[in-house]
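Enquirer: Input: one structure, supplied below.
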Amino acid sequence: MNMFERTKRRRNLKEGYPEDKGLMNGHCNRSGCLAPLAGQSHWWMTDHETFTDARLYYCEACANQFTAWDKQIKAPIRCTLETEL
């Protein structure tokens, strides 16, 4: 486990979320969703908050919502399908 993952797990627990929120095979990073990702498609977005270029993972439904919003405001698409699970 790298330093980003350890820090993310501690922060999740402190904030009352599942320990693996936003991590590979954990739970969707969107607080209003938290869908389990194990066995599902993983979509990722760069975590700009930590300036580490780490990936935060989302379920397909949330990734589709982010992408629809990005298209609506003509912004770069933020979510990318993870190809290596």
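The values are calculated or read from the model by the stated rules, or taken from the named source; none is laboratory data. Quantities reported herein were computed from a predicted structural model and do not represent experimental measurements. Note that each Cβ is placed from the backbone with ideal geometry, even for glycine, and that neighbours are counted across all protein chains shown.
Enquirer: Report, by residue number, each residue of the range 1-48 that is more than 18 Å from THR80 (Cα to Cα) and in contact with a Lys or Arg (Cβ under 6 Å, 6 or more places away or on another chain).
Expert: ASN12, GLU19 - these are the residues of the range 1-48 that are more than 18 Å from THR80 (Cα to Cα) and in contact with a Lys or Arg (Cβ under 6 Å, 6 or more places away or on another chain).
Enquirer: Something else now. Pairs please, first residue from the range 10-36 and closer than 14 Å to ASP47 by Cα and touching a residue at least 24 places away in the same chain (Cβ under 8 Å), second anywhere and in a loop (DSSP other than H, G, I, E, B) and among the charged types (D, E, K, R), Cβ atoms under 9 Å, 6+ apart in sequence or on different chains.
Expert: If the second residue must be in a loop (DSSP other than H, G, I, E, B) and among the charged types (D, E, K, R), the pairs left are GLY22/ARG30; GLY22/ASP47; MET24/GLU82; ASN29/ASP47.
Enquirer: Right, here's the next one. Could you pull out the residue among GLY39, GLY32 that is small (Gly, Ala, Ser) and modelled with pLDDT of 95 or more? Give the derivation first.
Expert: Values: GLY39 fails: modelled with pLDDT of 95 or more.
Answer to the selection: GLY32.
Enquirer: For the range 59-76, does any single residue satisfy the condition of being at pLDDT below 95, of a type outside the set (Asp, Glu) and loosely packed, with under 14 Cβ neighbours inside 10 Å?
Expert: So far as the range 59-76 goes, yes, one or more of its residues are at pLDDT below 95, of a type outside the set (Asp, Glu) and loosely packed, with under 14 Cβ neighbours inside 10 Å.
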